[in-house]
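> What follows is a single structure, and I will ask about it in a moment.
The numbers here are math on the coordinates, done by the rules we state, and not lab data. Here the structure is a predicted model, which is why all the values come from computation and not from measurement. Here the Cβ positions follow ideal geometry from the backbone for every residue, glycine too, while neighbour counts run over all protein chains shown.
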Amino acid sequence: MPRVKSHGSCIDVWVSARDTQRWARRWPCSDLAGKRLYAHYDTHGLLDLKVNGYYPRTEIDANEFNALMCDVLKAWGKRDEIDDMIWFIVVGQFEGLHDG
C-alpha cells in the first residue's frame, strides 16, 4: 500500500516497486512498473520527484504518473487532511479521465 503523509499545505507520497508492478496490470506498456516513486506536492504542484531514489535522468510518462498519483490519493481516503488546491492538482483535474 502506498504511503501518503500530509503536512497541511504539502504532501509526500511514496509508492513501492510492488505497488507500481500491481499498477502496471491496469496500465498497458507501463514505464513505472517495478520502480519505487517519491513525490512531493504543495499548493503550486509537483515540487520533487524521485524514481528508485534518484532524480529521473529521462522523461517518464506524465499521463501514467498523474493517473497513478490520482489513484493513490483517492485510495488513501483522507481527503479532509489535504489542502483543496493540492487535491485539485493531484486528483480533481484528472477525475473521470481514466478508470480508477
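> Look at region 26-82 and say how many of its residues are under 18 Å from residue 1 (Cα atoms), aliphatic (A, V, I, L, M) and out of contact with any Ser or Thr (no Cβ under 9 Å at 6 or more places or on another chain).
Looking only at that region, the number is 7.
> Okay, moving on. Being within 17 Å of residue 11 (Cα to Cα) and in contact with a Leu (Cβ under 9 Å, 6 or more places away or on another chain) is the filter here; which residues of region 29-50 pass it?
Result: 37, 38, 39, 40, 41, 49, 50.
> Please find, within region 1-20, the residue that is nearest to residue 84 (Cα to Cα) out of those that are in a loop (DSSP other than H, G, I, E, B) and small (Gly, Ala, Ser).
9
> Can you say whether residue 35 is farther than 17 Å from residue 70 by Cβ and outside any strand (DSSP E or B), as far as the supplied structure shows?
Numbers: farther than 17 Å from residue 70 by Cβ: yes; outside any strand (DSSP E or B): yes.
Taking the combined requirement at face value, the residue satisfies it.
> May I pose another question? Condition test on residue 72, is it assigned to a strand (DSSP E or B) and in contact (Cβ under 8 Å) with a residue 60 or more places away in the chain? It would help to see each step written out before you state the result.
Numbers: assigned to a strand (DSSP E or B): no; in contact (Cβ under 8 Å) with a residue 60 or more places away in the chain: yes.
Spelling it out, it is not the case that residue 72 is assigned to a strand (DSSP E or B) and in contact (Cβ under 8 Å) with a residue 60 or more places away in the chain.
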